[in-house]
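Participant: This is the structure I want to talk about, given as structure tokens.
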Amino acid sequence: MEQRVLGRTGRPVSVIGLGTWQLGADWGAVLEDDALAVLNAAADAGVTFFDTADVYGDGRSEQLIGRFLKERQDPGLMVATKLGRRLPQLPENYTLANFREWTDRSRRNLGVERLDLVQLHCPPSSVYSSDAVFDGLDTLVEEGRTAAYGVSVETCEEALTAIARPGVASVQIILNPFRLKPLDRVLPAAARAGVGIIARVPLASGLLSGKYTKDTLFGADDHRTYNRDGSAFDQGETFSGVDFATGVEAAEEFARLAPPGATSAQTALRWIVQQPGVSTVIPGARNPAQARVNAETAALPPLSEQTLRAVRELYDRRLRAQVHPRW
């Protein structure tokens, strides 16, 4: 597996990582043994970067990763977690006292003395402009609670504000063939500043797998059912903010761009890996087979210039006018 340095953390990470939101059971029930099997399958396939958050299953995802780390005993693995969404999303809740409490809880859940990377978890936009917030994050590093900190953002403007902060090691942002806006300014700015880019929602909540139809139904406990209108959290996190029916049609067309021997999902991941400035991409996996297939993407040859142009043309023709300018 190709390794790239994750920005100012200075640590190498696999270009294909693993997102573990689904292990917290926010995408439907996942048994503990099944979750551990996914984590081990990813690591066996060369994945060294795992992304989680303290709210995924209210800590369940972190706890499962903690058990995995204890059993695996591999110092080459890196875990990034996120904080900030366990309280109402008010700027005044982003204090050093809360940071200490939240990171201490994550350290217990993960079974580690020091977190590898902690990220602000898509806070209110004004938080990115607060000197006190970033002073607090610097203090967490000084106190040894975390080795580094970064941000997870909803918008490009939030990313650009964070990149200007000298202590920010990485930016996590939605990037996929249905979400191209970060290519224009965010990725170049991050590269200039030496900030790592973690690409999340790489398959547009599964749309880019090419397996859905307009009649596909998801469980009542799956955010692809209950958050299509953004009533639970930012709408851009579900199907990348694309209307489901429109996304299904665009995904059918995208699937025809897959080169021989590659799935639609692998083509989407390969496209992300090729974007200059991307450090790692974090697809989720519900079973070991998915984790292995995702990891295999790293070994695929680069997509042709013709395919790259076709992806851009598809976005411009079918999605650009439909996606909210915020995303």
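The values are calculated or read from the model by the stated rules, or taken from the named source; none is laboratory data. Fair warning: this is a prediction, and the values are worked out from it, not measured in the lab. Don't worry about glycine lacking a Cβ; one is built from the backbone with ideal geometry, like all the others, and counts go over all protein chains shown. Accessible surface areas use protein heavy atoms only, side chains included; no ligands, DNA or RNA. Shrake-Rupley method; radii C 1.70, N 1.55, O 1.52, S 1.80 Å.
Participant: Let me know the charge dipole size of the chain about its Cα centre in debye, to the nearest 20, where only the beta-carbon of Lys, Arg (+1) and Asp, Glu (-1) is charged.
Facilitator: With Lys and Arg at +1 and Asp and Glu at -1, about 600 debye.
Participant: Size of the dipole of the range 50-159 about the Cα centre, Lys and Arg at +1 and Asp and Glu at -1 on the beta carbon, nothing else charged, in debye to 20?
Facilitator: The dipole magnitude comes to about 580 debye.
Participant: Run through all the Cα pairs of the range 175-297 and give the fraction in each 10 Å bin from 0, expressed as whole percent.
Facilitator: Calculated P(r), rounded to whole percents: 13, 42, 36, 10, 0.
Participant: Turning to a different aspect of this structure: With a cut-off of 8 Å between alpha carbons and a minimum separation of six or more residues, what is the relative contact order of the range 83-228 in percent?
Facilitator: 17
Participant: With each label point set 7 Å from Cα along the Cα-Cβ vector, what nm distance links Ala191 and Glu305?
Facilitator: 1.6
Participant: Which residues among the range 176-196 fall inside the zone where the amide N is under 17 Å from a point 7 Å beyond the Cα of Ser125, along Cα→Cβ?
Facilitator: It comes to 181-182, 185-186, nothing else.
Participant: Roughly to the nearest percent, how much of the accessible area of the chain is carbon and sulfur, given a 1.4 Å probe?
Facilitator: Ligands and nucleic acids excluded, carbon and sulfur give 50 percent.
Participant: Taking Cα pairs under 8 Å and at least six residues apart, what relative contact order does the chain come out at, in percent?
Facilitator: Rounded, it is 22 percent for the chain.
Participant: Something else now. Considering only protein heavy atoms, with the full assembly of protein chains and a 1.4 angstrom probe, order Thr267, Thr95 by accessible area, largest first.
Facilitator: Reading off the accessible areas and sorting them downward yields Thr95, Thr267.
Participant: Next question, about the same structure. Please compute the length gained on full extension between Asn93 and Ala321, using 0.36 nm multiplied by the number of residues separating them and subtracting their Cα-Cα distance.
Facilitator: Result: 78.5 nm gained on full extension.
Participant: So for each of 250-260, 175-185 I average, over its residues, the number of other beta carbons within 10 Å; can you give me the resulting order with the highest mean first?
Facilitator: Listed from highest to lowest mean packing, they are 175-185, 250-260.
Participant: For helix 264-273, report the angle its Cα long axis makes with the longest principal axis of the Cα atoms of the chain; keep it between 0 and 90° and round to the nearest 10°.
Facilitator: For 264-273 against the chain, the angle is about 50 degrees.
Participant: Also: Determine the relative contact order of the range 240-323: mean sequence separation of Cα pairs under 8 Å and six or more apart, normalised by residue count, in whole percent.
Facilitator: Computed over the range 240-323, the figure is 39 percent.
Participant: Could you name the aspartates and glutamates whose alpha carbon sits less than 13 Å from that of Lys214, not counting residues in the same chain fewer than 8 places away?
Facilitator: Asp243, Glu249, Glu252
Participant: Okay, next question. Helix-only estimate, please: 222 nm mean residue ellipticity of the chain, summing -39500 (n - 2.57) across DSSP H runs of length 4 or more and dividing by its residues, to the nearest 500.
Facilitator: Calculated at 222 nm, the ellipticity per residue is -10500 deg cm²/dmol.
Participant: Just the accessible area for Glu313, please: 1.4 Å probe, Å², rounded to the nearest 10?
Facilitator: 90
Participant: Antiparallel versus total DSSP beta bridges in the range 130-276: what percent is that, nearest 5?
Facilitator: In the range 130-276, DSSP labels about 10 percent of beta bridges as antiparallel.
Participant: So, one more: Of all beta bridges DSSP finds with both residues in the chain, what is the antiparallel percent, to the nearest 5?
Facilitator: The answer is about 15 percent antiparallel.
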